[in-house]
1. Which FRET efficiency value, to the nearest 0.05, do you get for Val170 and Glu537 by plugging their Cβ-Cβ distance into 1/(1 + (r/R0)^6) with R0 = 30 Å?
2. Can you give the accessible area per residue of the chain, in Å², using a 1.4 Å probe?
3. Starting from the Cα of Thr377, step 7 Å along the direction of its Cβ; do the same at Ala514; then give the gap between the two resulting points in nm.
4. Students often get this wrong, so try it: which of (i) 95, 56, 41; (ii) 83, 73, 68; (iii) 103, 61, 46 is Cα extents along the principal axes in Å as calculated from the structure shown?
5. What 222 nm value per residue comes from the helices of the chain, counting each DSSP H run with n ≥ 4 as -39,500 (n - 2.57) and dividing by all residues, nearest 500 deg cm²/dmol?
6. Using amide H atoms built 1.01 Å from N in the peptide plane, name the residues 5+ places from Ser79, or on other chains, whose amide H lies under 5 Å from its own.
7. For the residue pair Tyr70 and Met161, what label-to-label distance in nm results when each label sits 7 Å from Cα along the Cα-to-beta-carbon direction?
8. Under a Cβ-only charge scheme (Lys and Arg +1, Asp and Glu -1), can you give me the dipole magnitude of the range 506-562 about the Cα centre, in debye to the nearest 20?
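The values are calculated or read from the model by the stated rules, or taken from the named source; none is laboratory data. Source: prediction; values computed, not measured. Here Cβ is always computed from backbone atoms with ideal geometry, including for glycine, and neighbour counts include all displayed protein chains. Ligands, DNA and RNA are excluded from the accessible area calculation, which covers all protein heavy atoms including side chains. Shrake-Rupley method; radii C 1.70, N 1.55, O 1.52, S 1.80 Å.
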Amino acid sequence: MKHWWPVWLGWKEVVVVTTFLVVLCLPLLFDRRQVVQVGDGRTLVIMTPHNEQIRYEFETGFEAWHQEMYDEEVDVVWSIPGGTSEIRRMLQSQWNAALKEGYQPGGDADLVFGGGSYEHGVLARGVSATRHGLSEADVRAWCAGMGYELMDGPMPTEPIMLGHVEASMVPDAEGNYSLHASSSISASPPLEPSILTDVYGREEVAGTPLWDSDGHWFGTALSSFGLIANHDELKRRDLPPPTQWADLADPRLRSAVSMVNPGQSGSVTTAFETVLKRLGWTPGWQILRRAAANARTISASSARGPADVAMGDAAMGVCIDFYGRYQQQALADQGAEGRLIYVDPPGETTLDPDPISMLANPNDAELASRFMVYTLTEDGQSLWQFSPQEATASEGPTGPSRFALRRLPIRADMYQKYFDRFMDQVDPFANAEPPEYPDRAMRAFIAPLMQAMAIDERDGLEAAWTAIVTHPAYPKDVRGIVSSDDVDDPQLAAMIQAFDAMPLVTDPEGHEWALDSPEGRDVVKKGWLRGGWSDAEPPLWPSEAAPPAAFRRFSGMFFRDQFNEVLDHRTQP
């Protein structure tokens, strides 16, 4: 019998490969809009982490708006590869490959719509790649692949622009070249400067810019971060509704908190960053560590937390505001109003723009610019907060046609003109204050430290926390954080102190740096997380290891020792 697979594959290997291909193709089978054009109009391809409801409202809204404004049919096609972090990593990989192999990056999509300002800022910074040992012919071929023929004669001695790519060629003593290329992933669209003044009316809110000063991204909505809780599950544990981040640390929530891996979610990273920026490094990590110790699950998706709480699989979780409000609305529509509680901890949250960026080398720059403009019009802004029941309104913007999105518009004048039509009577511009601890370096440590303590050393974390909260001297029914300074029992104080410890980092000169100061974080971020100490002798980590991954392993070993120390203290008389 003749098989269709290579003879060196056994039937077991064929089953594995076939299963892999089926799984790989499932998104294409069940979401054809990602790969086929619908209709006869111009097509706009948008990459997004947004949910189906947001995609539906902005697709139908823009297509109708564009028909009315330009008398032209357009089709919006969505590309949904994952959350914002996954989108950013995928684009970085695509751009990096293009720069190395010698072709113009981009051309597959027009826009990235949604996610936090940090991720869009990374897209603006772009990527770079370097190749060494190239002949002059290799360099000329690389430039030709980019779509540019170098003139005969000497090679350029200054950096040159090849479309969106900046390239420089540096010769060595043997006559070969090192080729360095860089490109932003996003581009500044041709928008009129007056749009910014008309739309935003200000440059920032609570110290946070509303758009990129170089025009690479523009905020379309505002996000805050808070707590979502299941009323029934709280009642079962004799807990009051949450009002502060520290409520995540209550021992009565053991195995009842839904957590998300910040390494896989930009919005959750921003939520954790909010805790640190509002409360400070040490108190913030006391909360995050205890919340992780209370975790029932640590999932990969920011949407999982609210879903777990809504189903009663968890009592409390951290989430972005509109996920919480949307889950509230969904349950209320099913007759379960009041089951879910969402709260922005007063004085403990921050605001972050939800941006849109045009990709460099888009398919249709004009259409992409028009979509960006639409998201900032009153028509586009009304989709975020108006009720679908108002879609027949005769005056002013009509809002969404089917779904209540429950998000906060970024245009300040929407709150002045239409606040009475908002589903959520929340004005983020009122009394917004900058965070007390605005250290940008904090964010870089969140994913590796949380992954090290809560994923790599999860068993030790839970065992140490259980040993602490079951200690006879641990205060009962105390709301908030119990630190080593809050207890009199020396054994319990030593256990809590070991539990809350953070690693010290030694630099190549032998100096120790603590992470509880802005200076220490800045040094370690540049030296280790960004690879500044990669050439240290002796090496601080294996040469083949990525610096952030090496820092995660180093931190994991530290936390393992600390958790074991907690258990050792508990066994001592």
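1. 0.70
2. Accessible area per residue, the chain: 46 Å².
3. The two pseudo-label positions are separated by 5.7 nm.
4. Computing Cα extents along the principal axes in Å and matching it to (i) 95, 56, 41; (ii) 83, 73, 68; (iii) 103, 61, 46 gives (ii).
5. So the helix-based figure for the chain works out to -12500 deg cm²/dmol.
6. Ile46, Met47, Thr48
7. 2.4
8. Dipole size: approximately 360 debye.
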